Amino acid sequence: MKFFLDTAKIDEIRQAHAWGLIDGVTTNPTLIARAGGDFVETIHQICEIVQGPVSAETVSEDAEGMLREGRLLARVSPHVVVKLPLTLPGLQACSALSAEGVRTNVTLCFTANQALLAAKAGATYVSPFLGRLDDISTDGLQLIRDIVAIYRNYPALQTQVLAASVRHPMHMHQVALAGAHVATLPMSVLKSLVSHPLTDKGVAAFLADWKTVPNNDICAQVEAFLAKRAQA
Ligand code: E4P
């Protein structure tokens, strides 16, 4: 399962990339506005850092405008994935860009039928929005399960399910069980995945016990051991 970071904040992306935990990044106009930088410079910088798929969203409302923006955005970096809304113009632009070999992420997906259409249009990724469905008392997870099952029925459909609008650690657990190919998660959720009080307690206990071990400098010990072995 691939992890994408759902942010346009460069410091967060650098940090998560340094941890070795992210395969790509998703942005949207809201995240770009929150981060505050120049759109294209930000996308380029993110691509340089992650060297993996980076979703950059078009903002035109007609297919012609989306195509023009998408073709230009794809020239910013080979890592750019053009993000398009799940509307008829978005699907039209997706079909055309896919035929040209440009990778696409069809976003704002809220039904399995919409996901089928995104796959028919040749989308590289479809983004069902889990949290926003949960927000309106609809089972977002069931949507992910349904799309995964439907795509499995038709192996010719190559579109990957990118679980989006992930809000908490249980969402990650659930979409992984459901078989989503990718999940995009905010930094707060990524950090929350690692936390467990028994891990923290265990580390503290091991370190306390280690202090009672004589000659407990591991590096010095290994270097001495290696030097002795080289002389033997
Ligand atoms: C990512 O592609 C989506 O734009 C994002 O996950 C939406 O998340 P939100 O519903 O928390 O805004």
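Tabulated data for the structure shown
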quantity	calculated
Dipole in debye (nearest 20) - the range 39-172, about Cα centre, beta carbon charges: Lys, Arg +1; Asp, Glu -1	340
Ranked order, Leu117, Leu198, Leu86 - accessible area, probe 1.4 Å, largest first	Leu198, Leu117, Leu86
Point-charge dipole on Cβ atoms (K/R +1, D/E -1) for the chain, about Cα centre, debye to 20	540
Within a Gaussian network of the chain (alpha carbon springs, distance under 10 Å), most fluctuating of Ser95, Ser165, Ser192	Ser192
Amide H partners (placed H, <5 Å) of Lys83, local residues excluded	Ala56, Glu57, Thr58, Asn105
Candidate aspartates and glutamates for bridging to Lys228, where Cα separation is under 17 Å - those fewer than 8 sequence places away on the same chain excluded	Asp217
Placed amide H near Asp6: partners under 5 Å, 5+ positions off or other chain	Thr26, Leu185, Met187
Per-residue ³J(HN,Hα) for the range 63-74, Karplus 6.51 cos²θ - 1.76 cosθ + 1.60, θ = phi - 60°, Hz, x for Gly and Pro	4, 4, x, 4, 5, 4, 5, x, 4, 5, 4, 5
Surface accessible to a 1.4 Å probe, per residue, for the residues of the range 124-215, Å²	57
Those lysines that a straight Cα-Cα span of less than 17 Å connects to Lys211, excepting residues fewer than 8 apart in one chain	Lys201
Farthest positive-ward along the chain dipole, Cα basis, beta-carbon charges - from Ile22, Leu130, Ala35	Ile22
Accessible area of the range 2-192 belonging to carbon and sulfur atoms, whole % at 1.4 Å probe	53
The chain: translational diffusion in µm²/s, Stokes-Einstein, Kirkwood Rh over Cα pairs, 10 °C, 1.306 mPa s	81
Total charge dipole magnitude, the range 1-41, about the Cα centre, Cβ charges on Lys, Arg, Asp, Glu only, Debye to nearest 20	100
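The values are calculated or read from the model by the stated rules, or taken from the named source; none is laboratory data. Model, not experiment: these values are computed from the prediction. Note that each Cβ is placed from the backbone with ideal geometry, even for glycine, and that neighbours are counted across all protein chains shown. Surface areas here come from the heavy atoms of the whole protein model, side chains and all, with no ligands, DNA or RNA. Shrake-Rupley method; radii C 1.70, N 1.55, O 1.52, S 1.80 Å.
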